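**Student:** Here you go, one structure.
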Amino acid sequence: MTLGILQQSLQILKIVQQTDFQEQVRWHITQEKLQETLENSKSIDLKNQRIVYLKNDEQDKRVIEKYWAKGILMLHATTVSNGGHEPIMTDLQKINIEKNGNLVIITTENKAQQKSTMCLVYDE
């Protein structure tokens, strides 16, 4: 009986490790994408938990902001004038976006109450 419980526990542990690793990889990819986006932007403004920026090769301002859709909180990107919807991080419990000097700090908390903080650097 003990061996059966141990075997099941080891299988669960493998699943947890794999899931946790996938979440970490997803988080790092998201941070790199956001960092690259802000590095290649002309201007950045932060108002009301929204990052507004203008990409070097475009005329339309873009926004990264909190967004509620069907009871799901997410971080998403859109354009100011044309709208659109590009989910960046989904299924979150809390999102806080703030600016500190040349840093944009995005703090998220998922439904498992795991907190993550991204510090994105940009030049003004």
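The values are calculated or read from the model by the stated rules, or taken from the named source; none is laboratory data. Quick caveat: nothing in here was measured; it's all calculated off a predicted structure. FYI the Cβ positions are ideal-geometry reconstructions off the backbone, even for glycines, and counts take in every protein chain you see. These accessible areas exclude ligands, DNA and RNA; they are computed on the full protein's heavy atoms, side chains included. Shrake-Rupley method; radii C 1.70, N 1.55, O 1.52, S 1.80 Å.
**Student:** Rounded to the nearest 0.05, what FRET efficiency do ASN82 and ILE12 give with R0 = 41 Å and r taken as the Cβ-Cβ distance? Could you check?
**Tutor:** For ASN82 and ILE12, the calculated efficiency is 0.30.
**Student:** Taking the Cα-to-Cβ direction at LYS55 and at LYS42 and moving 7 Å from each Cα, how far apart do the two end points lie in nm?
**Tutor:** Label at LYS55, label at LYS42, 1.4 nm between them.
**Student:** Let me have the 222 nm mean residue ellipticity of the chain computed from DSSP H runs of 4+ only, each contributing -39500 (n - 2.57), with the sum over all residues rounded to the nearest 500. Spell out each step's value before the answer.
**Tutor:** Details: 1 runs with 38 residues, N = 124.
It lands at -11500 deg cm²/dmol.
**Student:** Among (1) 1.33; (2) 0.95; (3) 1.12, which is the computed Cα Rg over 2.2 N^0.38 Å?
**Tutor:** (1)
**Student:** Over the chain, what percent of the accessible surface lies on carbon and sulfur atoms, probe 1.4 Å?
**Tutor:** On the way: 4350 of 8660 Å².
Carbon-and-sulfur percentage of accessible area, whole number: 50.
**Student:** If the only charges are +1 at each Lys and Arg Cβ and -1 at each Asp and Glu Cβ, what is the size of the charge dipole of segment 73-124 around the Cα centre, to the nearest 20 debye? Spell out each step's value before the answer.
**Tutor:** Numbers: 4 positive and 6 negative charges, 47 e Å.
That gives segment 73-124 a dipole magnitude of about 220 debye.
**Student:** Going toward the positive end of the dipole of the chain, with +1 on Lys and Arg Cβ and -1 on Asp and Glu Cβ, which of GLY4, VAL63, THR78 do you reach last?
**Tutor:** GLY4
**Student:** So if I place +1 on the C-beta of Lys and Arg and -1 on the C-beta of Asp and Glu, and nothing else carries charge, what would the dipole magnitude of the chain be about its Cα centre? I want it in debye, nearest 20.
**Tutor:** Numbers: 15 positive and 16 negative charges, 92 e Å.
Here the chain has a charge dipole of around 440 debye.
**Student:** A further question on this structure: Length gain on complete extension for the stretch ILE105 to LEU92, per 0.36 nm per residue less the alpha carbon to alpha carbon distance? Please report the intermediate quantities before stating the final value.
**Tutor:** Details: separation 13, 0.36 × 13 = 4.68 nm, distance 1.62 nm.
Here the answer is 3.1 nm.
**Student:** Something else: Can you figure out the FRET efficiency of ILE29 with THR2, using R₀ = 35 Å and their beta-carbon distance, to the nearest 0.05?
**Tutor:** Working: r = 41 Å, r/R0 = 1.16.
According to the calculation, E is roughly 0.30.
**Student:** Express the accessible area of the chain per residue in Å², computed with a 1.4 Å probe while the remaining protein chains stay in the model. Display every interim value, and only then the final one.
**Tutor:** Numbers: 8660 Å² over 124 residues.
Heavy-atom SASA per residue in the chain reads 70 Å².
**Student:** Pull out a ≥ b ≥ c, the square roots of the eigenvalues of the alpha-carbon gyration tensor of segment 83-124, then state rounded if a/c is under 1.5, prolate if not and a/b is larger than b/c, and oblate in the remaining case.
**Tutor:** Numbers: a/c = 3.00, a/b = 1.37, b/c = 2.19.
Taking the square roots of the gyration eigenvalues as a ≥ b ≥ c, segment 83-124 is oblate.
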